[in-house]
1. Averaged over its residues, how many other protein chain Cβ atoms are within 10 Å of peptide B:45-51's Cβ atoms?
2. When averaged across all projection directions, what area in nm² does the alpha-carbon convex hull of the stretch A:65-110 cover?
3. First select every other residue whose beta carbon is under 15 angstrom from the beta carbon of A:C103; then total the charges, Lys and Arg +1, Asp and Glu -1.
4. Give me the dipole magnitude in Debye, nearest 20, for the stretch A:146-280 about the Cα centre, with unit charges on the beta carbon: positive for Lys and Arg, negative for Asp and Glu.
5. Could you order the peptides A:83-92, A:245-254, A:223-232, A:267-276 from most to least packed, using the average number of other C-beta atoms within 10 Å per residue?
6. Can you list which of the chymotrypsin sites (Phe, Trp or Tyr not before Pro) found in the stretch A:7-107 are DSSP loop residues with at most 13 other C-beta atoms within 10 Å?
7. Provide, for q = 0.15, 0.16, 0.18 Å⁻¹, the log10 of I(q)/I(0) from a solvent-free Debye sum over equal Cα point scatterers in the stretch A:166-280.
8. From the residues A:P168, A:G254, A:F77, which one has its Cα farthest along the dipole of the protein assembly as shown in the positive direction, the dipole being from +1 and -1 charges on Cβ of Lys/Arg and Asp/Glu about the Cα centre?
Amino acid sequence: MKIAIASGKGGTGKSTVAANLAWTLAHSRDVVLVDCDVEEPNLHLFFPSEATDVPVTAPVPEIDYARCNFCGECGKFCRFGALAVVKDTVLTFPYLCHSCGGCALVCPRGAIREVPRAIGRVSCSRPLPRLVLITGILNEGEVLAPKVIKAAKMLAEGHPLIMYDASPGIACPVIETLEGSDYCLLVTESTPFGLHDLRLAAGVAEELGIPAGVVINRSDGQDENTVEFCREHNLPILMTIPFSREIATVTSRGGLIVRDLPGWEERFAELSGEILGVSP
Amino acid sequence: MIVCITARAPGTDAPVEQRFARAPYFVFVDTETGKSESIENPLIDAAGGVGPRAVQLLSDRGATVAITGHVGGNAARALAAGGFKVFAYQGSGSVADALAAYTAGNLQPIPLV
Ligand code: SF4
Ligand code: SF4
């Protein structure tokens, strides 16, 4: 089973929920937790442990100047500005390249060859006997987040229970993460903004046909609007985590509330039961 | 010599646009004949990498001098590779005003590296 954890925006405590849930699940079964928030992965902060890195590369064009006649076709074709033919140079901007391969196809002189270039890495560790953490890391300034996410997901493939921690928002990387998931856990906050973003994230899950449930985090006890929204959209509210200084303190120092605060392991065990119960 | 000035509208009376690659129009002026040609910028709504693409557009039209407000890093690299001379016009005048200031030697070059 593949469980994606998403939220319409950052700072809802999505990773906190993912980390606590993974820790709980890893008590009774093998779990692979994949940090798909490749621009700002943070799950390793909850699970410090020695990791092995695998590079992620993307093909980028290399010009064979013995063949190129500076016709300019490649530069005109590239929608991303990763190639520009000015005077007698073909300038390449590899970090703008989306690796579509188009320039090599349109070059009438066969002067473009694709060469691999590192855009990030996937880092793999085993912080608990039954938990494997796979972290996708996109290098600074790179654009191909989905490529690194795909590589991270690929490495997890084949395991019976996989959790994907998506990046905040609803852009391409999130779609890439949710693709192929069996269940989507939406983490939200009980603020008007939280609801707005939940609406967006729930829309994505619905669009992709993935069953979803909601965790309300940092609840101030006034969740009527969120509850109302969830009822209208048939989204079960699986857990409500109150706003508390105690929880915030544990979380901010990279602690897990399931391990460090009494009562939470049971509640996360219940949550995992509900999620696994919808297994296809 | 062909000079390209970034503009908000076509024609030499149009106000100069400060952005380089996102300028609505590029006005090309041939300083020998005094003839001008205005091109609507196809990149105005493009997603990314507009700098290098704009430079290729200028290069294709034979321009060697560009007058604009400021240029981004990618555009600067492409302009430098293309051997362009780039000048800053920060006033609120027209394309013709910018060109006059350039001809009079009153514009500061924009460093490209
Ligand atoms: S399309 Fe090929 S031949 Fe033409 S400029 Fe590009 S690399 Fe050179
Ligand atoms: S592979 Fe695609 S994105 Fe990359 S330079 Fe070529 S055309 Fe542009």
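The values are calculated or read from the model by the stated rules, or taken from the named source; none is laboratory data. Small disclaimer: the values here were computed from a predicted structure and weren't measured. Here the Cβ positions follow ideal geometry from the backbone for every residue, glycine too, while neighbour counts run over all protein chains shown. Remember, those area values only see protein heavy atoms, side chains included, never the ligands or the DNA or RNA. Shrake-Rupley method; radii C 1.70, N 1.55, O 1.52, S 1.80 Å.
1. Working: counts 0, 3, 4, 7, 13, 3, 4.
Counting Cβ atoms of other protein chains within 10 Å of each residue's Cβ and averaging gives 5.
2. On the way: hull surface 11.6 nm².
Averaging across all directions leaves 2.9 nm² for the Cα convex hull.
3. On the way: positive: A:R67, A:K76, A:R79, A:R109, A:R113, A:R117, B:R53; negative: A:E62, A:D64, A:E73, A:E114.
Combined, the nearby Lys, Arg, Asp and Glu give +3.
4. Values: 10 positive and 20 negative charges, 91 e Å.
With only Lys, Arg, Asp and Glu charged at Cβ, the dipole is about 440 debye.
5. On the way: A:83-92: 22.2, A:245-254: 13.4, A:223-232: 15.2, A:267-276: 17.0.
Order by mean packing, descending: A:83-92, A:267-276, A:223-232, A:245-254.
6. Values: sites: A:W23, A:F46, A:Y65, A:F70, A:F77, A:F80, A:Y95; in loops: A:F46, A:Y65, A:F70, A:F80.
Listed in order of number, the matching sites are A:Y65.
7. For the stretch A:166-280, the Cα-only Debye profile gives -0.72, -0.82, -1.03.
8. Toward the positive end, the furthest listed residue is A:F77.
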